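The values are calculated or read from the model by the stated rules, or taken from the named source; none is laboratory data. Since this is a predicted model, take the numbers as computed values, not measurements. Glycine also receives a Cβ, built like all others from the backbone with ideal geometry; neighbour counts cover every protein chain displayed. The area values use the complete protein model at the heavy-atom level, side chains included, leaving out ligands, DNA and RNA. Shrake-Rupley method; radii C 1.70, N 1.55, O 1.52, S 1.80 Å.
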Amino acid sequence: MNVWKKILNGFLTFLAIICLGYIIDTFLFKFEFTQTLPSIYDNITGAIGGAMVSIFFTKNEFKKSDIYFLIVVIFLAMVVYFI
């Protein structure tokens, strides 16, 4: 059992959940479904929970598509932040 791979998997899941949550919150605010401004800090608690679940219940292997998906999500979060 490789502990470092599990920690890396949890960290990547943490980043993905924060970015996806921020993108969704921004679009909801833009289209006036919510009145609160989106914030990355609002998504941290859910991301911590998702990272802990991924550490204990996922496999140790990564695919290239997972990394590409994470890169695209981080890029979209940056684009949404500056728009």
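Sorting Phe33, Phe14, Phe69 by solvent-accessible area of protein heavy atoms yields Phe33, Phe69, Phe14, largest first, with a 1.4 Å probe. For Asp42, the solvent-accessible surface with a 1.4 Å probe is about 100 Å², rounded to the nearest 10.
Using a 10 angstrom Cβ neighbour count of at most 11 plus a DSSP loop assignment to flag exposed trypsin sites (Lys or Arg not before Pro), which longest range of the chain is free of such sites?
Free of exposed loop sites, the longest segment is 1-58.
Note on Ile67 and Phe27: their simple-model spin labels are 2.7 nm apart, each label 7 Å out from Cα toward Cβ. Within the listed set Ile17, Ile67, Ile44, the Gaussian network model of the chain (springs between alpha-carbon atoms below 10 Å) gives the highest mean-square fluctuation for Ile67. So how far apart, in nm, are the two label points at Lys6 and Gln35 if each is 7 Å from Cα heading toward Cβ? Result for the modelled spin labels: 4.6 nm. For the chain, the solvent-accessible area of protein heavy atoms averages 77 Å² per residue (probe radius 1.4 Å; ligands and nucleic acids excluded). Compute a Gaussian network model of the chain, connecting alpha carbons closer than 10 Å, and tell me which residue from Phe31, Phe11, Phe62 fluctuates the most. Comparing Phe31, Phe11, Phe62 in a Gaussian network model of the chain, the most mobile one is Phe31. Over the residues of the chain, the helix contribution to mean residue ellipticity at 222 nm works out to -25500 deg cm²/dmol, using -39500 (n - 2.57) for each DSSP H run of at least 4.
Applying the Kirkwood pairwise sum to the alpha-carbon positions of segment 1-46 produces a hydrodynamic radius of 11.8 angstrom. In terms of overall dimensions, the chain has a Cα radius of gyration and Dmax of 14.1, 47 angstrom. When the solvent-accessible area of the chain is split by element, carbon and sulfur atoms take up 73 percent of it, the probe being 1.4 Å.
Take the chain, connect every pair of alpha-carbon atoms lying under 10 Å apart with a spring to form a Gaussian network, then pick out the residue of Leu20, Leu37, Leu12 with the largest mean-square fluctuation. Per the Cα network of the chain with a 10 Å cutoff, Leu37 tops the list.
When +1 charges are put on Lys and Arg Cβ atoms and -1 charges on Asp and Glu Cβ atoms, the dipole computed for the chain relative to its Cα centre reaches about 380 debye. Taking a straight Cα-Cα cut-off under 16 Å and skipping sequence neighbours fewer than 8 places away in the same chain, the lysines within cross-link reach of Lys63 are Lys5, Lys6.
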